[in-house]
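J.: My questions will all concern the structure given below.
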Amino acid sequence: MDAYDHPTFQMACQQFDFVADHLQMPESERPRLKYPKRAMIVSLPINCEDGSTKVYTGFRVQHHLTLGPTKGGLRFHPEVTLGEVAALAMWMSWKCALTGLPYGGAKGGIACDPHRMSPREVERLTRRYTQEMIPFIGPQIDVMAPDMGTNEQVMAWIMDSYSMHMGYSVPSIVTGKPLSLGGSLGRREATGRGVAHLVARAADTIGLKLKNATVAVQGYGNVGAVSAQTLAGFGAKIIAVSDVSGGVYNARGLNLGKLAEHLEKHRMVKGFSEGEPISNEQVLLTPCDVLVPAAMERQITGANAGRIRCRILAEGANGPTTPEADAILSQREDIFVLPDILCNAGGVVVSYFEWVQDLQSFFWGEKEVMEKLHHILDEAYDRVLGNSRAQKISMRTAALCVGIQRVREAKAIRGLFP
Ligand code: NAD
């Protein structure tokens, strides 16, 4: 499938083939599971503040529709491509299946830099994208959510644009919405809290005490910041964080309250005076107990995997670790890996809760949301750890096996139409 050619898509395919080999899956069965069901590329012209008209490119990939509607985030980032979105959609499929959600995977993106656009331009772009996607989305077809560069406001514009088209309010068209539009309590924090919950499970598994444990976070956005804050609440010390502007390090622990004030004012980690400046690469190499990559794909590679010094690698980001790095990590008994499709699944699980609440117009309290989230994450963790130990395979292979097998079984039992 040359259309998806991109290093991140090749990486997702390599992971799939590794697991398919482990499952002794015949070659003839693989393409149907691996390649996306549908992909859309759209041109998005908008009027800019300076009076010019600029055309952006938008993408949406729906990986499989076997178990229900597709579900997945929408990313605004200058380097978004069809291949990257296809890889992220494939991982969403395995993540939803691993956690038992009635969804296939999807992902979307617009190649743009929202930080260099005015709010009005971002709004126009979002609304135009939604309009172009109308034939392909719907509460029973494909449901979007926030990802890198998008937030509750963007989801609100999607909900409004779709509802205006339908002629009535359709909150279930997106998740990660503001509470006032039918969002769920706990959704904004769900991914980071889920990461922290699973780090606590992993710490128990390897006998690590989280009180005073040291944590480094690459990518201090929604997922990274909430992971850090929740882990700090468990008594851990956050010693290094970064964002696209660079990072800061403080061996005594960063004051997250002051960091939040700095971010409020300056919108970037760089320049935070209560720590030494360090690079993004240095954050990954910081000796610590828990390392949370929560930014882009392919950050931990064959070149740096041997030099990472943590006890738990908690993948908040999607696809932060390449297969070359995986091969190195699987030889290192000092690092316990919480693979992305397990580690950051809290977001899609609470998105599912939000969708269910919207469809029923019946809303839950935050305690109920968090209890249900922890129950699903605990079950997935126990199953993955059990498989990993029983079959002597890595946590990533174990997690992918569960996800891929569930989709494979569903496809087999439904048969091939017509
Ligand atoms: P976000 O936009 O809120 O934050 C991303 C952060 O990463 C920002 O601080 C940004 O400055 C930083 N960043 C971007 N490029 C970087 C680089 N090259 N090096 C270092 N930092 C960089 O996005 P988010 O929603 O927190 O998503 C982060 C990751 O988590 C993505 O991989 C996303 O797919 C994944 N994820 C998000 C959710 C969710 O619910 N938002 C759920 C599951 C997985």
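J.: Quote the FRET efficiency, to the nearest 0.05, computed for residue 5 versus residue 382 with a Förster distance R0 of 25 Å and r equal to the Cβ-Cβ distance. All intermediate terms of the calculation are to be shown ahead of the outcome.
T.: On the way: r = 38 Å, r/R0 = 1.51.
With R0 = 25 Å, the Cβ-Cβ based efficiency is 0.10.
J.: Carbon-plus-sulfur fraction of the accessible area of segment 2-172, 1.4 Å probe, in percent?
T.: On the way: 3440 of 6790 Å².
Within segment 2-172, the accessible surface is 51 percent carbon and sulfur.
J.: With the other protein chains left in place, how much accessible area per residue, in square angstrom, belongs to the chain at a 1.4 angstrom probe? Before the final figure, lay out the partial values.
T.: On the way: 17510 Å² over 418 residues.
Accessible area per residue, the chain: 42 Å².
J.: Right, next: Order 30, 309, 201, 252, most accessible first, counting only protein heavy atoms with a 1.4 angstrom probe. Walk me through the numbers on the way to the answer.
T.: Details: 30 15, 309 140, 201 60, 252 190 Å².
If we order 30, 309, 201, 252 from most to least accessible, we get 252, 309, 201, 30.
J.: Now, a different point. Quick one: of 71/270; 209/372; 107/270; 177/265; 95/258, which pairs are farther than 28 Å apart, Cα to Cα?
T.: On the way: 71/270 34 Å; 209/372 25 Å; 107/270 30 Å; 177/265 25 Å; 95/258 35 Å.
Over 28 Å apart, Cα to Cα: 71/270; 107/270; 95/258.
J.: Could you list which residues have their amide H under 5 Å from that of residue 77, counting only those 5 or more apart in sequence or on another chain, with H placed in the peptide plane?
T.: 110, 112
J.: Probe 1.4 Å, all protein chains in place: accessible area of residue 52 in Å², nearest 10?
T.: For residue 52, the solvent-accessible surface is approximately 50 Å².
J.: Compare the peptides 232-238, 107-113 by average per-residue count of other Cβ atoms within 10 angstrom and give them in order, highest first.
T.: Numbers: 232-238: 18.1, 107-113: 23.4.
Most protected by this proxy first, the peptides run 107-113, 232-238.
J.: Once Rh for segment 268-347 is found with the Kirkwood sum over Cα pairs, what is the Stokes-Einstein diffusion coefficient at 10 °C and 1.306 mPa s, in µm²/s?
T.: On the way: Rh = 13.1 Å.
Reported coefficient: 121 µm²/s.
J.: Further question on the same structure: What do you reckon, how do 349, 356, 55 stack up by accessible area (1.4 Å probe), largest on top? Write down the numbers at each step before the final one.
T.: Values: 349 0, 356 25, 55 95 Å².
Putting 349, 356, 55 in descending order of accessible area: 55, 356, 349.
J.: Using the per-residue mean of other Cβ atoms lying within 10 Å as a proxy for protection, in what order, highest first, do the peptides 159-167, 216-224 fall? Before the final figure, lay out each step's value.
T.: Details: 159-167: 16.3, 216-224: 26.9.
My ranking of the peptides, most packed first, is 216-224, 159-167.
J.: Further question: Quick one: the Cα spread of the chain along its three principal axes, in angstroms, biggest first?
T.: Largest to smallest, the principal-axis extents are 55, 54, 43 Å.
J.: Let me ask something additional. What's the carbon and sulfur percent of segment 179-252's accessible surface, probe 1.4 angstrom, rounded to a whole number?
T.: Numbers: 1470 of 2760 Å².
That share works out to 53 percent.
J.: Under the Karplus relation 6.51 cos²θ - 1.76 cosθ + 1.60, θ = phi - 60°, what is the ordered set of whole-Hz ³J(HN,Hα) values for segment 75-92, x standing for Gly and Pro?
T.: Going residue by residue, I get 10, 10, 7, x, 9, 4, 9, 4, x, 5, 5, 5, 5, 5, 5, 4, 4, 4 Hz, with x marking Gly and Pro.
J.: Another one. Any chance you could look up the accessible area of residue 21 with a 1.4 Å probe, heavy atoms only, rounded to 10 Å²?
T.: 90
J.: Which parts of segment 328-360 would a label at residue 169 reach, counting a residue when its backbone N lies under 18 Å from a point 7 Å out along Cα-to-Cβ?
T.: From segment 328-360, the list is 354-360.
J.: Per-residue counts of other Cβ atoms within 10 Å, averaged by peptide: what ranking do you get for 85-96, 284-295, highest first?
T.: Numbers: 85-96: 29.2, 284-295: 24.7.
Top to bottom by mean Cβ count within 10 Å: 85-96, 284-295.
J.: Here's something else I'd like to know. For residue 41, what accessible surface area do you get with a 1.4 Å probe? Give it in Å², rounded to 10.
T.: Spelled out: residue 41, probe radius 1.4 Å, area about 110 Å².
J.: Calculate the FRET efficiency for residue 330 and residue 360 from the Cβ-Cβ distance with a Förster distance of 51 Å, rounded to the nearest 0.05. Write out the running numbers ahead of the final one.
T.: Working: r = 43 Å, r/R0 = 0.85.
E(calc), rounded to 0.05, equals 0.75.
J.: How much FRET efficiency would the formula 1/(1 + (r/R0)^6) give for residue 131 and residue 273, where r is the Cβ-Cβ distance and R0 is 51 Å, rounded to 0.05? Kindly include the intermediate steps, with their values, before the conclusion.
T.: Details: r = 45 Å, r/R0 = 0.88.
The formula returns an efficiency of 0.70 here.
The values are calculated or read from the model by the stated rules, or taken from the named source; none is laboratory data. Small disclaimer: the values here were computed from a predicted structure and weren't measured. Cβ coordinates were reconstructed from backbone atoms using ideal geometry, including for glycine residues, and neighbour counts include every protein chain displayed. Each accessible area value is taken on the protein alone, full model and side chains, heavy atoms only, with ligands, DNA and RNA left out. Shrake-Rupley method; radii C 1.70, N 1.55, O 1.52, S 1.80 Å.
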